[in-house]
1. Could you list, in sequence order, the residues of the range 1-19 that are closer than 10 Å to Leu54 by Cβ and either more than 19 Å from the chain's Cα centre (by Cα) or in a strand (DSSP E or B) (or both)?
2. Taking only the range 211-236 into account, find how many residues are more than 15 Å from Glu270 (Cα to Cα) and either part of a helix (DSSP H, G or I) or not assigned by TED's automatic domain parsing to the domain that holds Ala298 (or both).
3. Applying the selection to the range 214-266, what residues are over 28 Å from Met119 (Cα atoms) and not aliphatic (A, V, I, L, M)?
4. For Leu282, indicate whether it is closer than 23 Å to Lys223 by Cα and touching a Gly at 6+ places or on another chain (Cβ under 8 Å).
5. Among what's in the range 275-290 and is out of contact with any strand residue (DSSP E or B) (no Cβ under 7 Å at 6 or more places or on another chain) and in a helix (DSSP H, G or I), pick the residue that is nearest to Trp265 (Cα to Cα).
6. Among the residues of the range 252-267, are any closer than 24 Å to Gly203 by Cβ and either β-branched (Val, Ile, Thr) or at pLDDT 95 or above (or both)?
7. Anything in the range 213-244 that is under 18 Å from Leu188 (Cα atoms) and of a type in the set (Gly, Ala, Ser)? List them, or say none.
8. Could you say whether any residue in the range 210-220 is out of contact with any Gly (no Cβ under 6 Å at 6 or more places or on another chain) and at pLDDT below 95?
Amino acid sequence: MKIIKAVVGVLRNESGKLLIAKRQDHQFMAGFWELPGGKIEGGETTEETIIRELNEELGIKVNALSLHQTMQHTYTDRLVELCIYNVDQYQNTPLGIEGQQIAWVSVQELHNYQLLPTMKAFIDSITLPNKYWITTSSNHQGEAWMKKFDEKITQGISLIQLRSKTTLDNHFIAELHNKCRQHNTKLLINTIDKSFNETYCDGWHLTTNEMLNLKSRPCADDKILGASTHNLNEALKAQAIGADFVVISPVQATQTHPDTIPIGWDAAAEVVEHLNIPVYFLGGMGPGDLDKTTKLGAQGIAGVSAF
């Protein structure tokens with residue numbers, strides 16, 4: 001099977017819409033829409049390739065870019081290794097220089113287009129935030145717990161895992177969900193009795209054991225599904241059953257689990273390299289680790305007290 005190394009760029013206009021391009025009749029997967037970019041030529045770095053490709057295809061000059069995500073996708077006859085870059089600054093108005101159709105679309109509008117398979121993971125990566133807060137697992141209705149929850153949703157945390165090792169009252173969870181909706185925050189349930197049919201949440205988070213015992217995705221596609229993993233094999237299993245993102249841990253030593261040996265940054269980075277879906281780093285994370293994490297291509301950081 002041949003291996004194709006390619007790069008694509010994420011361009012946004014003043015309205016925040018994304019630029020996509022339609023593959024032409026002579027190209028592989030003709031008629032499908034994708035992010036603009038192309039194959040790496042001999043001797044080029046990925047950065048040099050995306051700068052050249054966007055100039056040739058769209059007539060723009062890239063002034064600043066940053067790595068957004070790496071992924072692999074296997075077709076019947078080829079393996080595509082893809083680097084996705086955010087084009088942070090560019091000059092000139094993008095045009096279909098090579099005769100290709102282009103369109104500016106919102107994230108919601110992307111679902112109206114016939115997209116390449118790699119675009120599903122990309123959409124997840126741009127809709128999920130770079131911080132994933134996990135609640136403490138006990139004393140949920142205590143004053144201190146509720147105060148912390150209220151602080152997080154008013155401080156701009158937009159993705160929360162409600163974690164509990166005991167059964168929680170459904171009305172209590174529904175009240176939390178209503179609070180989250182008022183602040184555009186997504187609430188994922190990680191309780192011991194989750195059924196994947198709860199209507200008072202935006203999705204669920206799987207423990208490692210729950211994920212390993214599943215053979216397919218347990219919930220609808222319009223819900224968010226996360227999974228806890230501790231190594232590459234577990235992360236690949238989570239991706240295979242249809243998880244939208246994984247948390248890999250512990251990356252660094254933690255005070256809560258002092259006897260647990262951390263997997264380290266290199267092993268965490270390997271997970272990012274081999275997965276198509278977003279990856280959060282958990283364990284010993286703090287605000288100062290966010291930049292390093294995203295530069296490795298991960299989605300961001302997760303934690304109970306990380307931020």
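1. The answer is Val7, Val8, Gly9, Leu19.
2. The qualifying residues number 2.
3. Pro250, Gln252, Thr254, Gln255, Thr256, His257, Pro258, Asp259, Thr260, Pro262, Gly264
4. Yes, satisfied.
5. That would be Gly288.
6. No, the conditions are met nowhere in the range 252-267.
7. Result: Ala220, Gly226, Ala227, Ser228, Ala238, Gly242, Ala243.
8. There is at least one residue in the range 210-220 that is out of contact with any Gly (no Cβ under 6 Å at 6 or more places or on another chain) and at pLDDT below 95.
The values are calculated or read from the model by the stated rules, or taken from the named source; none is laboratory data. Just so we're clear, the structure is a prediction, and the values are computed from it rather than from any experiment. Glycine also receives a Cβ, built like all others from the backbone with ideal geometry; neighbour counts cover every protein chain displayed.
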